[in-house]
Amino acid sequence: LNRLRREALALYEEEYLKEFRRTLPADSKREMAELSAAQTVETGNATVHSNVSGELTEKRVVASVMNAEQLTAVLRSEGVTDLYIDMEGDYEACLKVATGLPRYLMLPRALKGDTARKAQEEASRLIREYSLSGIVVRTPAQLSFAQKEVFRIEADRPVYCINSTSVEWLASKGVSAVTFSEELHRKDYPVDARGLFSIYGRSVVMVSEQCP
């Protein structure tokens, strides 16, 4: 029932937002290839980041993208250091173009049953084929899969990192960086933790999979 509800809401959202979506110009593929070739940031283990252990490192600006329109805007901008490629969007098209920045694969928000198996198989293929820098989990349940696949794991907002205890627990599971929950007040951010803050984008609500 929950899966049917999620699928129905996703279809409704897609239909409702259709008229508001931006479209690429006819020569978008050529433009994106040129932008990709012009990037100066190199992929590798020297990626700058703020990690959850409290060590002070350089600033890190991460852009999460789902489609070519968003990716084009990111590649035109300055200051972005990493990319989160969302598996709920046109992920493979983005992976083929975005070759000049460290890329992290974001797993779908809800993974259960046969859907989970297929998504994990696809994620494993993408990790091998595109030499990704890491994987981004959206629920604690996804950690077991992520631990088998890559050397770097990061946590997105729906994991709800809300205090020092959650930071420590995630670190013990191999999570290298977290995105703090938008529900936190500034005074409530874990003192010893360094992570990512959401600056712009659509707020994420809790999925029923994570309800107690």
*Would you confirm whether any residue within the stretch 104-114 is among the charged types (D, E, K, R), in contact (Cβ under 8 Å) with a residue 40 or more places away in the chain, closer than 21 Å to Ala10 by Cα and surrounded by 18 or more Cβ atoms within 10 Å (Cβ to Cβ)?*
yes
_Going by what's in this entry, would Thr81 be described as β-branched (Val, Ile, Thr) and touching a strand residue (DSSP E or B) at 6+ places or on another chain (Cβ under 9 Å)?_
yes
_Suppose the filter is touching a residue at least 24 places away in the same chain (Cβ under 8 Å), buried (at least 17 other Cβ atoms within 10 Å of the Cβ) and over 23 Å from Leu11 (Cβ atoms); does Leu95 pass it?_
yes
*Failed item in (1) touching a strand residue (DSSP E or B) at 6+ places or on another chain (Cβ under 9 Å); (2) over 16 Å from Leu71 (Cβ atoms); (3) not in a helix (DSSP H, G or I), with Leu111 passing the rest*: (1)
*Thr165 vs. criteria in a helix (DSSP H, G or I) and modelled with pLDDT under 85*: yes
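Within the stretch 52-63, take every residue that is under 16 Å from Pro102 (Cα atoms) and open to solvent by 20 Å² or more (accessible area, probe 1.4 Å) and give me the one that is modelled with the lowest pLDDT. Let's see the steps before the verdict.
First, the residues of the stretch 52-63 that are under 16 Å from Pro102 (Cα atoms): 58-63.
In the following step, the residues that additionally are open to solvent by 20 Å² or more (accessible area, probe 1.4 Å) were identified as 58-62.
Numbers: Glu58: 59, Lys59: 77, Arg60: 82, Val61: 86, Val62: 89.
Among them, the one singled out is Glu58.
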*Just give me the residues in the stretch 97-148 being touching a Ser or Thr at 6+ places or on another chain (Cβ under 8 Å), of a type in the set (D, E, K, R) and at pLDDT below 85, in sequence order.*
Arg109
*For the stretch 153-169, state whether one or more residues are aromatic (Phe, Trp, Tyr), touching a strand residue (DSSP E or B) at 6+ places or on another chain (Cβ under 6 Å) and either on the phi > 0 side of the Ramachandran plot or open to solvent by 40 Å² or more (accessible area, probe 1.4 Å) (or both).*
no
_So, in the stretch 64-92, how many residues would count as being open to solvent by less than 30 Å² (accessible area, probe 1.4 Å) and outside any loop (DSSP other than H, G, I, E, B)?_
11
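The values are calculated or read from the model by the stated rules, or taken from the named source; none is laboratory data. A quick note: this is a predicted structure, and the numbers were derived from the prediction, not measured. With ideal geometry, Cβ positions are generated from the backbone for all residues, glycine too; neighbour counts draw on all protein chains shown. Accessible surface areas use protein heavy atoms only, side chains included; no ligands, DNA or RNA. Shrake-Rupley method; radii C 1.70, N 1.55, O 1.52, S 1.80 Å.
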